[in-house]
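A short write-up of the structure that comes next.
The values are calculated or read from the model by the stated rules, or taken from the named source; none is laboratory data. Nothing here was measured: the structure is a model prediction, and the numbers come from that model. Cβ coordinates were reconstructed from backbone atoms using ideal geometry, including for glycine residues, and neighbour counts include every protein chain displayed.
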Amino acid sequence: MHDWSHGGRLGNVITVNGETAKTYQVAAGERIRLRLLNIANARTMDLLFNEPEISVIAIDGQPVKPFVPESGRILLAPGQRTDVIIDMTADPGARSLIEVVIGEYAYEVAGFQYDQTRKREQTLDAPIALPGNPLQQIRLPNEFMQVPLVMEGGAMGGMRSATFEGKEMGIRELIQYRKIWAINGIAGMPEKPLFSVRRGTAISLDVKNENSWPHAMHIHGHHFIHDKAPGIWRDTVLFSRGEQGTMKFVADNPGKWLIHCHMVEHMAGGMVTWFEVT
Ligand SMILES: [Cu+2]
């Protein structure tokens with residue numbers, strides 16, 4: 001079993017577990033599990049697996065009903081995790097690639113090298129679903145406290161001003177403080193939380209990405225359901241430019257928690273806020 005396979009980025013070089021063109025030795029008939037984690041600070045990885053018997057079994061650490069990713073593609077925004085199981089079905093001696101798709105091209109970032117001998121004639125037929133955990137038992141209610149979350153800023157974003165450290169500033173002044181992103185008009189950590197609720201309150205973050213960049217929004221302390229992927233509990237979701245959507249969860253974990261863009265430069269540049277559960 002190989003695990004904790006993660007993609008990083010040094011400039012324009014994409015590495016897997018710290019290596020370029022990493023090769024994993026496998027055998028025909030073997031079942032392997034990969035834990036994919038995108039640790040690049042800004043690049044969304046569009047991975048392409050050239051193995052037909054691949055199933056996603058967990059997303060952001062939460063079990064999902066196993067499914068075959070469309071066309072072998074797995075999209076990972078910074079900070080996102082996906083666990084897959086692959087039954088290796090190519091012939092002994094074969095090599096199959098793990099690629100990153102960028103525009104019309106696919107680039108090899110790692111690969112599987114098959115041994116000359118088979119591990120077994122037929123792949124395992126044992127089920128691959130992970131046992132559920134308590135989150136899978138939670139049913140979201142129909143009523144939510146609705147919290148707007150508007151992301152602004154960036155190049156060509158149209159943001160004119162925002163509040164930083166309690167002071168309203170124009171974009172030129174914000175840039176002097178290296179703040180070019182804002183949530184609900186506030187750049188950087190606000191003094192007051194975005195919301196403060198009693199434990200057990202159902203929250204709907206009503207997100208609008210009102211700028212020209214994708215953002216991987218991440219919540220601490222909780223997993224949520226994104227309206228475009230019902231049934232999947234995740235802690236990070238990518239909003240493309242101009243996209244709107246909801247992130248719904250029950251605030252059941254007492255404490256003070258961050259909400260931020262998982263693209264680290266965006267977070268440092270102001271795209272961060274927090275909430276409180278008492
Ligand atoms: Cu961002």
Strands (runs of 3 or more DSSP E) lying entirely in the range 25-126 (those with 1 or more residues that are surrounded by fewer than 16 Cβ atoms within 10 Å (Cβ to Cβ) and modelled with pLDDT under 95): 62-67, 95-102, 105-114
Residue that is farthest from the ligand (Cβ to nearest atom) [pool: residues in the range 215-231 that are surrounded by fewer than 18 Cβ atoms within 10 Å (Cβ to Cβ) and in contact (Cβ under 8 Å) with a residue 12 or more places away in the chain]: GLY231
Determine whether the range 191-206 contains at least one residue that is within 16 Å of the ligand (Cβ to nearest atom), among the β-branched types (Val, Ile, Thr) and not assigned by TED's automatic domain parsing to the domain that holds ASP83. no
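What is the residue count in the range 243-278 for residues that are more than 14 Å from the ligand (Cβ to nearest atom) and not aliphatic (A, V, I, L, M)?
Looking only at that region, the number is 15.
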